[in-house]
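> Got a structure for you, written out below as structure tokens; questions coming shortly.
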Amino acid sequence: MRLTVLGSSASYADAGRACSGHLVRGEGAAVLFDCGNGVLANLASVMDPLGLDAVFVTHEHIDHFADIYALQAALRYAPSGPAPALPLYVPPGLFRRMGAVLDAKGQAELAEAFVVHELTVGMDVRFGGLTVHVGAGDHVDPTFTLSASDGRSRLVYTSDTRFGEIALASARGADILLTEATLPPEYAGRAAHMTPAEAGELAREAEAGTLVLTHLWPTVDRVAAAAEAGVSFKGRIIVASELDEIASK
């Protein structure tokens, strides 16, 4: 199983980066976890976006789904004609709200591009030999965590989250823990996000194999972020950067 980072910035993209998006490939499947602004261009540099098996959007914040509109255009306006509708897994009600910014024609085309499924906690979805499990998040209501398993290793994506038992419930035993590390230390506790130090503590308590820090605020010092996470977590730490490829051990 391979993780490719397509977007690692929080809320807005720093120069040369994109917002939340992570490609997971394994066992003949390719699924996208979040599709924020700038993600589609990075996806196209590593695979044909029409080769995706599904897209998952973890919550309603636009930095996690802005490129759904660009993906819709890729699906609907392919030179050879419209591609088959792509499975899209979203929080309840979000797809309707996505369409609210479009006129009637745009809403119809958005609906034609995707087969929409609403996420529920405990849902398991299988794509070839890859299974995606949906868990509860702790950010806005609702937010979902996602874990991918190929039967040998397990990747857990916390999405945006506070530090605490809800995040830990999904993170336990992850071979790769892909977790947000949004806040600089001085902002700890001031938003529903974690600092790099809290991400390290989550990885330690979860007994994760590899910690991947993502969703960093553009002004966060990424070298310092790794050091702060490493105070608690003594395993492998990677600060996500666009187009990084990380394989499960």
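> Helix 104-113 sits at what angle to the longest principal axis of the chain, using alpha carbons and giving 0 to 90 degrees rounded to 10?
For helix 104-113, the angle is close to 70 degrees.
> OK, next. So in the range 2-247, what percent of DSSP beta bridges are antiparallel if you round to the nearest 5?
On the way: 27 of 51 bridges.
Antiparallel bridges make up about 55 percent of those DSSP assigns within the range 2-247.
> Kindly provide log₁₀ I(q)/I(0) values, in the same order as q = 0.13, 0.20 Å⁻¹, from the Debye equation applied to equal alpha-carbon scatterers of the range 65-187.
Treating every Cα as an identical point scatterer, log10 I(q)/I(0) equals -0.65, -1.15.
> Follow-up. Explain nothing, just the number: relative contact order of the chain, from Cα pairs under 8 Å at least 6 residues apart, as a whole percent.
Details: 621 pairs, mean separation 45.4, N = 249.
Reported as a whole number, the value is 18 percent.
> Using amide H atoms built 1.01 Å from N in the peptide plane, name the residues 5+ places from Leu86, or on other chains, whose amide H lies under 5 Å from its own.
Excluding prolines and chain starts, which carry no amide H, the hits are Phe114, Val115.
> With runs of 4+ DSSP H residues as the only contributors, calculate the mean residue ellipticity of the chain at 222 nm using -39,500 (n - 2.57) per run, divided by the residue total and rounded to the nearest 500. Walk me through the intermediate numbers first.
Numbers: 7 runs with 58 residues, N = 249.
Using -39500 (n - 2.57) per qualifying helix, the result is -6500 deg cm²/dmol.
> Over the chain, what lengths in whole Å, largest first, do the semi-axes of the equivalent ellipsoid take, defined as the square roots of 5 times the eigenvalues of the alpha-carbon gyration tensor?
Working: eigenvalues 162, 70, 57 Å².
Three semi-axes, in Å: 28, 19, 17.
> Give me Leu178, Leu75 sorted ascending by neighbouring Cβ count inside 10 Å, so fewest comes first. Before the final figure, lay out the partial values.
Values: Leu178 30, Leu75 21.
With the sparsest Cβ surroundings first, the list reads Leu75, Leu178.
> What is the packing order of peptides 148-159, 6-17, taking the mean over residues of other C-beta atoms within 10 Å and listing the highest first? Working shown, then result.
On the way: 148-159: 22.8, 6-17: 20.2.
Put in order of decreasing packing, that is 148-159, 6-17.
> Just to check I understand the Karplus step: with θ = phi - 60° and J = 6.51 cos²θ - 1.76 cosθ + 1.60, what whole-Hz values come out for the range 173-183, glycine and proline as x?
Using θ = phi - 60°, the values come out as x, 5, 6, 10, 10, 9, 10, 5, 8, 5, 8 Hz.
Where a number appears in this text, it was derived from the coordinates with a stated rule and is not lab data. Just so it is clear, the structure is predicted and the values come from calculations on it, not from any experiment. Don't worry about glycine lacking a Cβ; one is built from the backbone with ideal geometry, like all the others, and counts go over all protein chains shown.
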